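Input: a single structure, listed below in structure tokens.
The values are calculated or read from the model by the stated rules, or taken from the named source; none is laboratory data. These figures come from a predicted structure and were not determined experimentally. Cβ: placed from backbone, ideal geometry, glycine included. Neighbour counts: every protein chain shown.
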Amino acid sequence: MNFVVFTVHPMQPGKTMMISFMFNVGVILLASTSVVQFCSRAFALYASDTAIERIFGNQIENLWGLRYLYVYNVFIICFFTMCVVSCGYLVLKSPPPRRRLTAQ
């Protein structure tokens, strides 16, 4: 997994430790929160009277500690910031050289 300019817990066939899998799964779970919040806000008309609308619309926005993170869309802003930074990095980075596969 690449974060802007450095690799975090790289995964290689036959050499990856279980902690790398767990860390990468944790990062995906953190990212999924912002994606679900974005989808529930973007498709609010379609999600009316559903479980996700009740969770994000009523329950989480009324929690004392997490309320401001959802009211001010902190997760969505972080999600789009990482998207823009990643796209900019991929555009500016030169493509890696192609390796030629040889028969052994």
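Restricting attention to the range 54-70, which residues are closer than 21 Å to R41 by Cβ and assigned to a loop (DSSP other than H, G, I, E, B)?
Scanning the range 54-70 gives L63, G65, L66.
Determine, yes or no, whether S20 is out of contact with any Pro (no Cβ under 8 Å at 6 or more places or on another chain) and small (G, A, S). Outline the logic, then answer.
On the way: out of contact with any Pro (no Cβ under 8 Å at 6 or more places or on another chain): no; small (G, A, S): yes.
No: the conditions fail for S20.
Say we look at the range 15-32 and pick out the residues that are assigned to a helix (DSSP H, G or I) and surrounded by 13 or more Cβ atoms within 10 Å (Cβ to Cβ); which of these is farthest from the chain's Cα centre (by Cα)?
Filtering first and then ranking leaves S20.
Determine which member of the set V8, V35 is within 27 Å of K93 (Cβ to Cβ), modelled with pLDDT under 80 and among the β-branched types (V, I, T). Explain how you work it out, then say what you get.
Numbers: V35 fails: modelled with pLDDT under 80.
Being within 27 Å of K93 (Cβ to Cβ), modelled with pLDDT under 80 and among the β-branched types (V, I, T) holds for just one of V8, V35, which is V8.
Only residues in the range 33-51 that are more than 15 Å from F80 (Cβ to Cβ) count as the first member; pair them with residues that are in a loop (DSSP other than H, G, I, E, B), Cβ under 9 angstrom, at least 6 apart or cross-chain, and list the lot.
S40/A47; S40/T50
Looking at the range 71-102, which of its residues are within 26 Å of Y46 (Cβ to Cβ) and either touching a Phe, Trp or Tyr at 6+ places or on another chain (Cβ under 7 Å) or assigned to a loop (DSSP other than H, G, I, E, B) (or both)?
Those that are within 26 Å of Y46 (Cβ to Cβ) and either touching a Phe, Trp or Tyr at 6+ places or on another chain (Cβ under 7 Å) or assigned to a loop (DSSP other than H, G, I, E, B) (or both): Y72, N73, I76, F79.
This table checks each residue for (1) surrounded by 11 or more Cβ atoms within 10 Å (Cβ to Cβ); (2) over 20 Å from the mean Cα position of the chain (by Cα); (3) at pLDDT 75 or above.
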position	(1), (2), (3)
D49	no, yes, yes
G57	yes, yes, no
R67	yes, yes, yes
F75	yes, no, yes
V84	no, no, yes
V91	no, no, yes
Q104	no, yes, no
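Show the residue pairs that are 6+ apart or on different chains and have beta-carbon atoms under 6 Å apart, the first residue being within the range 65-76 and touching a residue at least 40 places away in the same chain (Cβ under 8 Å) and within 12 Å of S34 (Cα to Cα), the second being hydrophobic (A, V, I, L, M, F, W, C) and assigned to a helix (DSSP H, G or I).
From residues that are touching a residue at least 40 places away in the same chain (Cβ under 8 Å) and within 12 Å of S34 (Cα to Cα), the pairs are I76/F38.
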